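Derivation of every value follows stated rules applied to the coordinates shown; laboratory data play no part. Small disclaimer: the values here were computed from a predicted structure and weren't measured.
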Amino acid sequence: MRKTIPFLFLLLLSLSAMAQKHCISGYVMDAAIEASNILFGKSTKEGLEKLDEATFLDIFDGVPQEHITRTDLEAGIPIVDFMAVNTQIFPSKGEARKMTQANGVSVNKEKVTLDKMMTPEDLIDGKYILMQKGKKNYYLVVVE
């Protein structure tokens, strides 16, 4: 048992040094905590808006992306059309409608209903909308 104590001490020192190196500022730690909150369901739209664009894109790297035009969004798009016509988040309007009625759709981490109209007010950083279908299926809509 005595032989393992120096090893554990060195391991703890190494971990401490790594933690200090990677958490130089409170901002880095706050961003990491916010990222985990987003990915594991405890975030809000305000939390998404606090992130800088680079961190936001890092968090959602690898998430399927859809693209729409700003002109379409400015006109206002019913949520079902947005998810099944303007983007391919759902293969059909019927499926989009059913999932929305079952409280299974979120826009920027906020649950939505069938009367939701997608507008420029839904944008994060002026060009992103985070869609969530069910608990684990995220889509990043980029508005150009």
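Brief remarks follow.
- Reach of LYS133 by Cα under 18 Å, taken over aspartates and glutamates that are not fewer than 8 positions away in the same chain: ASP61, GLU66, ASP81, GLU95, GLU110, ASP115, ASP122
- Kirkwood-Stokes translational diffusion coefficient of the stretch 67-139, alpha-carbon pairs, 20 °C, 1.002 mPa s, µm²/s: 177
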